[in-house]
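Undergrad: Here you go, one structure.
The values are calculated or read from the model by the stated rules, or taken from the named source; none is laboratory data. As the structure is a prediction and not an experimental result, all values here were calculated from the model. All Cβ positions, even for glycine, are placed from backbone atoms using ideal geometry, and neighbour counts span all protein chains on display. What goes into the accessible areas is simple: the full protein's heavy atoms, side chains included, and nothing from ligands, DNA or RNA. Shrake-Rupley method; radii C 1.70, N 1.55, O 1.52, S 1.80 Å.
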Amino acid sequence: MTDRGLKIATIGGGSSYTPELIEGFIKRHDSLPVKDIFLVDVDAGLEKLNIVTELAKRMVEKSGIDLRIHATTNREEALKDADFVTTQFRVGLLDARIRDEKIPLRYGKIGQETTGAGGFAKALRSVPVILDICHDMERLCPDAFLINFANPSGILTEAALNHSRVKAIGLCNCPINMISDMAEKFDCSPDDVFCDFVGINHLVWAKRVLVRGEDVTAAAIEKLCSQSAKEVMANIPEIHYEPAFLRSLGMVPVSYLKYYYMQPEMFAECDRAAKAEGCRAEVIKQVEKDLFALYQDPALDIKPPQLAKRGGARYSDAACSLIDSIHNNKKDIQTVNVLNCGANADLPDNASIERNCVIDKDGAHPIHIGRTPLKIRGLLQNVKAYEQLTIEAAVTGDYDCALQALTIHPLVGSATAARQILDDILSENKAFLPQFNH
């Protein structure tokens, strides 16, 4: 920390989520002395970066706090002596996401941004970028924490932790959204809710749900069984689990698990939506357009409520809470992505897990789990093997490794489809995948 206060570098500063990040730092300014925020983006994102920066400055001016916002395309300038680095970039922008969602659909497979073949394509593009950022951090801010919420968050965090010396912690908005949903269902404050999360990013279960210390897991499941229960995540189709299935599971599954447990129904809905109103990425493109039109209003000096239409709402609030807890050595419990290091006996020690962790000045420390419940163990180990093969393929550009990763993913499950999808991904992402050009 400088004499002036904390320096934050945000990679992907032109993101539509940035106003939420700024709001998070403003409301915590009494405990978190952030004085300089550097918003960094690539040349292709410069227009959005400038729009977001002006909105951020208006938000700070309204708050009356001593906080300077800087916009730059010079990553090194932003990283130099930073205390925390947050990452929310999207390699290839929304056009790449559209391809990620549409390529698998051609072959009868679910196309989704972070799960299955779509998430695989995004990981191949993003792992080399997160590692570039990490290697810059090793030189320019070796003591800084990397708080990653670029997706697929678990894969990128695991790559950073295994292929660099950076202190990386991954974030997802799913746990914080699940807690908020439970608070709504039980008519209480999110502070009254504790969920015992077990799993990995976008493949996590709340093994137990407590409200004010009382175990309400069974009641929570009954509330989920109601046909009036609303989908927690804005980016996931509103399709309900069968009550008999939820009761037999005995845990609260993250919304993304619908892609696994209800694969035919979810594929049908993804396929229908892509043909009717466009895939999710095409819908988001319009949402983003509307948001940035709002952001340009010189009278706007708050985070607009319309931001909630984006699937990543509350990401930034989770990031600010995490930074606050590290800086102030709070020793509170938050759910983040960290190295397993023996916490889950059924996964490799060098795997990233999404787990309740104690947060202190040294980072995040996962609470011991032991064995994973048998009902979820096989799926968990399967997807983790896919993730580790994907990281290896992204780092080395090994085609065979990439093919095996896709083939074993439960949302692909076919060697023929995996090869067809992989060839299309490599062909249509050539500019972003130089590691495969050999």
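Undergrad: What whole-number distance in Å separates the alpha-carbon centres of the range 81-132 and the range 339-380?
TA: 24
Undergrad: So, one more: Can you check how the C-alpha radius of gyration of the range 347-438 compares to 2.2 N^0.38 Å, as a plain ratio?
TA: Values: Rg = 16.5 Å, N = 92, 2.2 N^0.38 = 12.3 Å.
Its radius of gyration relative to the 2.2 N^0.38 Å reference: 1.35.
Undergrad: May I pose another question? Find the centroid of the Cα atoms in the range 152-195 and in the range 235-298, then give the distance between the two in whole Å.
TA: Measuring centre to centre over Cα atoms gives 19 Å.
Undergrad: Rounded, prolate or oblate: pick one for the chain, where a ≥ b ≥ c are the square roots of the eigenvalues of its C-alpha gyration tensor, a/c under 1.5 means rounded, and failing that, prolate if a/b is larger than b/c, else oblate. Before the final figure, lay out the partial values.
TA: Values: a/c = 1.35, a/b = 1.16, b/c = 1.16.
It comes out rounded by the Cα gyration axes.
Undergrad: Separation of the range 1-42 and the range 385-431 by C-alpha centroid, Å?
TA: Between the Cα centre of the range 1-42 and that of the range 385-431, the gap is 36 Å.
Undergrad: Taking the chain as a Gaussian network, Cα atoms linked when under 10 Å apart, which of D191, D346, D360 shows the biggest mean-square fluctuation?
TA: D191
Undergrad: Here's another thing I want to ask about it. Can you send over the carbon and sulfur percentage of the accessible area for the range 207-296, probe radius 1.4 Å, protein chains only?
TA: Numbers: 2340 of 4370 Å².
So the carbon and sulfur contribution to the accessible surface is 54 percent.
Undergrad: Counting only the backbone N, which residues of the range 40-64 are under 13 Å from the spot 7 Å out from the Cα of T72 toward its beta-carbon?
TA: Backbone N within reach: 40-41.
Undergrad: Using 1/(1 + (r/R0)^6) with R0 = 51 angstrom and r between the beta carbons of A219 and A299, what's the FRET efficiency to the nearest 0.05?
TA: For A219 and A299, the calculated efficiency is 0.65.
Undergrad: May I ask you to list the chymotrypsin sites (Phe, Trp or Tyr not before Pro) in the range 267-297 that are in a DSSP loop and have at most 12 other Cβ atoms within 10 Å of their Cβ? Show your work: numbers first, answer last.
TA: Values: sites: F267, F292, Y295; in loops: none.
Within the range 267-297, no chymotrypsin sites (Phe, Trp or Tyr not before Pro) qualify (loop, at most 12 other Cβ atoms within 10 Å).
Undergrad: Counting trypsin sites (Lys or Arg not before Pro) as exposed when in a DSSP loop with at most 10 other beta carbons within 10 Å, what is the longest stretch of the chain free of them?
TA: Working: sites that count: K230, R371.
Counting only loop sites that pass the neighbour cut-off, the longest clear stretch is 1-229.
Undergrad: Calculate, for Q381 and D423, the FRET efficiency according to 1/(1 + (r/R0)^6) with r their C-beta to C-beta distance and R0 25 Å; round to the nearest 0.05.
TA: On the way: r = 28 Å, r/R0 = 1.11.
The pair Q381/D423 has a calculated efficiency of 0.35.
Undergrad: Mind putting a number on the dipole of the chain about its Cα centre? Charges go on the C-beta only, +1 for Lys and Arg and -1 for Asp and Glu, and I need it in Debye to the nearest 20. Don't jump to the answer; show the numbers that get you there.
TA: Values: 50 positive and 60 negative charges, 96 e Å.
It comes to approximately 460 debye.
Undergrad: Among K185/K361; K207/K384; K122/K289, which pairs are too far apart, with a Cα-Cα distance over 29 Å? Don't skip to the answer; put the middle values down first.
TA: Working: K185/K361 34 Å; K207/K384 19 Å; K122/K289 22 Å.
Over 29 Å Cα-Cα: K185/K361.
Undergrad: Tell me, which longest segment in the chain has none of the GluC sites (Glu not before Pro) that fall in DSSP loops with at most 15 further Cβ atoms within 10 Å? Numbers along the way, then the final one.
TA: Details: sites that count: E231, E238, E277.
The answer is 1-230.
Undergrad: Now for a separate question. Once label points are set 7 Å from the Cα along Cα→Cβ at both H365 and D400, what is their separation, rounded to one decimal in nm?
TA: 4.3
Undergrad: Further, regarding this structure: Per residue, how much accessible area does the chain have with a 1.4 Å probe, in Å²?
TA: Working: 17090 Å² over 438 residues.
Result: 39 Å² of accessible area for each residue.
Undergrad: For the range 1-99, what is the convex hull (Cα atoms) projected area averaged across all directions, in square nanometres?
TA: Numbers: hull surface 24.5 nm².
The Cα convex hull of the range 1-99, projected and averaged over all directions, gives 6.1 nm².
Undergrad: The range 346-392: percent of C-alpha pairs farther apart than 13 Å?
TA: Values: 684 of 1081 pairs.
Taking all Cα-Cα pairs of the range 346-392, the fraction more than 13 Å apart is 63 percent.
Undergrad: Still on this structure: As a test of the definition: which semi-axes, in Å, follow for the range 1-52 when you take the square root of five times each eigenvalue of its alpha carbon gyration tensor? Largest first, please. Kindly include the intermediate steps, with their values, before the conclusion.
TA: Numbers: eigenvalues 101, 33, 8 Å².
Semi-axis lengths for the range 1-52 are 22, 13, 6 Å.
Undergrad: So, one more: From the backbone phi of the range 65-76, what are the Karplus-calculated ³J(HN,Hα) couplings (6.51 cos²θ - 1.76 cosθ + 1.60, θ = phi - 60°) in whole Hz, Gly and Pro given as x?
TA: Computed from phi, the couplings for the range 65-76 are 8, 8, 8, 9, 9, 10, 10, 7, 9, 9, 4, 5 Hz.
Undergrad: Please give the length that would be gained between T416 and N329 if that part of the chain were fully extended, namely 0.36 nm times their separation in residues minus their C-alpha to C-alpha distance (nm, one decimal). Walk me through the numbers before you get to the answer.
TA: On the way: separation 87, 0.36 × 87 = 31.32 nm, distance 5.09 nm.
Extending this stretch completely gives an extra 26.2 nm.
Undergrad: Give the cross-link partners of K62 among the lysines, using a straight C-alpha distance below 19 Å as the criterion and excluding same-chain residues fewer than 8 apart.
TA: List returned: K27, K35, K303.
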